[in-house]
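For reference, the structure is listed below as structure tokens.
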Ligand SMILES: [Zn+2]
Ligand SMILES: [Zn+2]
């Protein structure tokens, strides 16, 4: 990872104040100093808190509990965590909060969603038609389809928080439904409604659809339960709003019909429109920093900054814009069946590898290549190695955040690819024993290291069945004839040498393969390719000597002999 190039910084990092020229040069210099983007935002957040007389730095993220939140959505919470952590590492008191935006209306019914254990469930036709009537309802008032929580909101928020806990991340949770109902948002709602014409004026600079008589409040309909009502009149003496249930088009495309009911509601039984609610949260929770996806950058962030200054009298927080994740080159979508939540990804990757993914620079679109996920794991292993041999400034700064508690010695890791082949030969416990026999895992390994190796074997096994490119990584089970074309002698020599090798370890085998190729005047790459074909049915694989060591002498020699016999 490189330090932030200055030009990109200027585009992507928005500190919500206009510094004078002197500050610009000092700030840019100090930013080039950082190897971790979270430090840049943390410094801005600390400055923001200082300027505004706040003694504690608040880092916020938020989201609607609309269903299964895929790993791209989780950029919000996880990057917020890194900023919060960076503030604390500077010795500054900090809090990490999450607003569960559960007064938002259900816009569309997902075809599938994770249950309480984070396992995906496809809704039946009947379930889908039962859910139909809740379109337009606030998530907090929709029953839990799975029956394990009090509401749709609690269910899906708990799936999110469970996934984060598996990464060792927890945050203070605030449900918007509670904040409205218990009066935490009352003052800011009153403030908004007392400045209705100013709100319209500011928003109309960013949106073309602000109507002249628009009142920024959506009450929950007393008849049909939808929160897609239109406010007609506000009475700030009594904190009430008169409304009509007219329905709305949500996010420009989801049509929710109203029931036509007219009624009156208190300010605690409804919500501010999202663009205002977001800024209201900054004010109420005294937010100093918040990350958000680039979709908000052009719209709600621009209007949000103006609303903050002109309507709410606050300075917008330091921000971080992040790019989206692609999976296997495509956008994730639960409708397409390629949306993965943290719980899915933790079936194939260690928590520290998942966290590592989110430490990468935020303004680059990341493609997560699940078919070749071992490449990411190998990258992490090298990153970890560079921390322990002190060869990388990035690793020195970032590894401790990713791993949580830094172990006194480098953790034992086996190659993910080797693990993925071993579990095709052996059950997991047996695979572990084969690693011990081959000397890859020492005799006196700690309990933690043993568990790490067992976990990686398990993850690799899951990967094979869930995502791996089967043409590349799945061993061919059917018998195959191999054309030895001129390598017969070399294979014979190798079989002889290996059968008389007393210490059947990876390094020794690797050396013998090289020397056999040399003695037979065969390019070693050709010889290796042939051997991979013999043992895996594939043209490449993990370091061959180690693979053969784990397979054991008997199995290796008899396979080589079988191949020779088949030729004769
Ligand atoms: Zn539930
Ligand atoms: Zn209604």
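Every read-out reported here was derived from the displayed coordinates using simple, explicitly stated rules and does not represent laboratory data. Please read these numbers as outputs of a predicted model, since none were measured by experiment. Neighbour counts run over all protein chains shown; Cβ positions are idealised from the backbone, glycine included.
A few comments on the model shown:
- Residues residue 378 and residue 505, FRET efficiency given R0 of 22 Å [Cβ-Cβ distance, rounded to 0.05]: 0.50
- Burial ordering of 484, 96, fewest other beta-carbon atoms within 10 Å first: 484, 96
- Taking every DSSP helix (H) stretch of at least 4 residues in the chain, weighting each as -39,500 (n - 2.57) and dividing the sum by the residue count yields a mean residue ellipticity at 222 nm of -14000 deg cm²/dmol.
- Label positions at residue 255 and residue 297, each projected 7 Å from the Cα along the C-beta direction, are separated by 3.4 nm.
- At an R0 of 22 angstrom, the distance between the Cβ atoms of residue 310 and residue 235 translates into a FRET efficiency of 0.35.
- Taking a ≥ b ≥ c as the square roots of the eigenvalues of the alpha carbon gyration tensor, the stretch 330-424 is oblate, as a/c is not under 1.5 and a/b does not beat b/c.
- Separation between Cα centres of the stretch 354-408 and the stretch 509-536, rounded to whole Å: 33 Å
- Shape of the stretch 488-567, Cα gyration tensor, a/c cut at 1.5: rounded
- Each of 152, 214, 282 was scored by other Cβ atoms within 10 Å of its Cβ. Arranged with the fewest first, they read 214, 282, 152.
- Difference of contour (0.36 nm per residue) and Cα-Cα distance, residue 471 to residue 564: 30.9 nm
- Sites residue 454 and residue 485, calculated FRET efficiency, Cβ-Cβ separation with R0 56 Å, nearest 0.05: 0.85
- Part-to-part distance (alpha-carbon centres) for the stretch 151-182 and the stretch 75-114, which is given in Å: 9 Å
- Here the contact order of the chain, divided by its residue count and restricted to Cα pairs under 8 Å and six or more residues apart, works out to 13 percent.
- Distance between modelled label sites at residue 90 and residue 55, nm, 7 Å Cα→Cβ extension: 1.9 nm
- For the chain: rounded, prolate or oblate by the Cα gyration tensor [a/c cutoff 1.5]: prolate
- Counted by neighbouring Cβ atoms within 10 Å, the residues 235, 104 run from fewest to most as 235, 104.
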